[in-house]
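Structure first, commentary second.
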Amino acid sequence: MRLTQYARGGGAGKLPPGELEGLIRGLTGPAGDGALLLGAADGDDAAVLRLDGTRAVASTVDVVPPVVDDPYDWGRIAAANALSDVYAVGGEPVMALNLLGWPRDVLPADLAREVLRGGRDVAARAGCPVAGGHSVDDPEPKYGLAVTGTADPGRLLRLADGRPGLPLSLTKPIGTGALTARHRATGERFPHAVETMAALNAEAARLALAAGVRCATDVTGFGLLGHLYKLARASGVTAVLDAAAVPVLDGARECVRDGFVPGGTRRNLAWVSPHADFGRLAEERRLLLADAQTSGGLLIAGEIPGAVVIGELVERRAHTLVVR
């Protein structure tokens, strides 16, 4: 059964970034308010609450509709995507809860079991037990995790801690949005994209903390450009991106050229364009850089082994993003 045909829209189903920011404005506690070290003020990937001088708890939740047809792979991808938020703030996941929406009168229960099995297996690789969860009868299948982690309050990765002179590094190639859009439309499979999305960001986060990095985020539904814009805006700097240096999954450029572009990608590009200087960069290249990812890599203000340097942070200029 083609699970992606039961998703109402393509991609991870996020609300448009500008719309989301307006929706939650004033409704969440600001970061730095008492024990709350990270919250929704800058859009950091997980909330972090200080417990004492050496301990903090990190908390996040992420749910996605099916981005691939194989239920086990979907479960793996959704779990890695949720766990990534804890890694992106410098935390270590310690427990997760399943969140499952399932059209029980349409899709058989054994497919749901495969989704849950995929999530469990990826969480197990992270050393994070899945201790129950919640399910609802839902016309659109959805799956994800609520994840609790621990962190050192003195060694967090924050959006607002980027500084001029720092290089920008990326730990996974982009292009999953375009490839999964083609998969949804044609049924064509892209195993290399699946394995990229199912890979954990645990080692990248460990290396970043070991290198003294203080600023990072993960690249998910708002695309590389969207998440880079959020980082530069929060840090009060300009991000200069070398488009040619950005690693891209095999086949993704051809997907964009052939029109397999998720709606979320176009919304991402529209959101950042007023704040960006693209020079003469072609529209297809812009769309690829804005490609709405699922379970992408870490975007780091610094350098770590294995990551590709794709640009740098500089003093604030007229535009928050400069793409060359």
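All of the numbers you see were taken from the coordinates with simple rules; none came from a lab. Bear in mind that the values here come from a model prediction, so they are computed numbers and not experimental data. Every residue, glycine among them, receives a Cβ derived from its backbone with ideal geometry; neighbour counts consider all protein chains shown.
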For a quick check of your reading of the filter: which chymotrypsin sites (Phe, Trp or Tyr not before Pro) in the stretch 221-324 sit in a DSSP loop and have no more than 15 other Cβ atoms within 10 Å? none
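Under 8 Å for C-alpha pairs, at least 6 residues apart: give me the relative contact order for the stretch 154-231, rounded to a whole percent.
Numbers: 41 pairs, mean separation 41.9, N = 78.
Across the stretch 154-231, relative contact order equals 54 percent.
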Net dipole in debye of the chain [+1 Lys, Arg Cβ; -1 Asp, Glu Cβ; about Cα centre; nearest 20]: 420
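If each DSSP helix of 4+ residues adds -39,500 (n - 2.57) and the sum is divided by the residues in the chain, what number results at 222 nm, nearest 500 deg cm²/dmol?
Per the formula, -10000 deg cm²/dmol.
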Over all Cα pairs of the stretch 99-198, how is the pair count split among 5 Å bins, expressed in % and running from 0 up to the last occupied bin? 2, 9, 13, 13, 19, 18, 12, 7, 5, 2, 0, 0
When only Cα pairs under 8 Å and 6 or more residues apart are kept, what is the percent relative contact order across the stretch 77-128? 59
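Work out the length of the dipole vector of the stretch 159-323 about its Cα centre, built from +1 on the beta-carbon of each Lys and Arg and -1 on the beta-carbon of each Asp and Glu, and round it to the nearest 20 debye.
On the way: 18 positive and 16 negative charges, 81 e Å.
That gives the stretch 159-323 a dipole magnitude of about 400 debye.
Is the C-alpha gyration tensor of the stretch 230-324 telling us rounded, prolate or oblate? Criteria: a/c under 1.5 is rounded; beyond that, a/b larger than b/c is prolate, otherwise oblate.
Values: a/c = 1.77, a/b = 1.27, b/c = 1.39.
Because a/c hits 1.5 or more and a/b fails to exceed b/c, the stretch 230-324 counts as oblate.
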If the reach is capped at under 22 angstrom between alpha carbons, list the lysines near K142, excluding any in the same chain fewer than eight residues apart. K14
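Of the trypsin sites (Lys or Arg not before Pro) in the stretch 89-181, which ones lie in a loop per DSSP and count no more than 16 other C-beta atoms within 10 Å?
Values: sites: R104, R113, R117, R120, R125, K142, R155, R158; in loops: R104, R155, R158.
Passing both the DSSP loop test and the Cβ count: R104, R155.
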Provide V322, V48 in ascending order of the number of other Cβ atoms located within 10 Å of each residue's Cβ, fewest first. V322, V48
Classify the stretch 3-151 as rounded, prolate or oblate, taking a ≥ b ≥ c as the square roots of the eigenvalues of its Cα gyration tensor: rounded when a/c is under 1.5, otherwise prolate if a/b is larger than b/c and oblate if not. oblate
If we restrict to alpha carbons, what Rg and Dmax does the chain come to, in Å? 18.6, 56
If N is the number of residues in the stretch 193-286, what value comes out of its Cα radius of gyration divided by 2.2 N^0.38 Å? 1.19
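Quick one: L116, L145, fewest Cβ neighbours within 10 Å first, how do they rank? Write down the numbers at each step before the final one.
Numbers: L116 20, L145 30.
Starting with the residue having the fewest Cβ neighbours, the order is L116, L145.
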Could you work out how far the C-alpha centroid of the stretch 275-306 sits from that of the stretch 16-81, in angstrom? 21
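Which of the trypsin sites (Lys or Arg not before Pro) found in the stretch 1-99 are in a DSSP loop and have at most 15 neighbouring Cβ atoms, other than their own, within 10 Å?
Numbers: sites: R2, R8, K14, R25, R50, R55, R76; in loops: R2, R8, K14, R25, R55.
Passing both the DSSP loop test and the Cβ count: R2, R8, R25, R55.
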Can you pull the three principal axis extents for the Cα set of the stretch 159-323, in Å, largest first? 44, 35, 21
Sequence of I24, I174 once ranked by neighbouring C-beta atoms within 10 Å, starting from the fewest: I24, I174
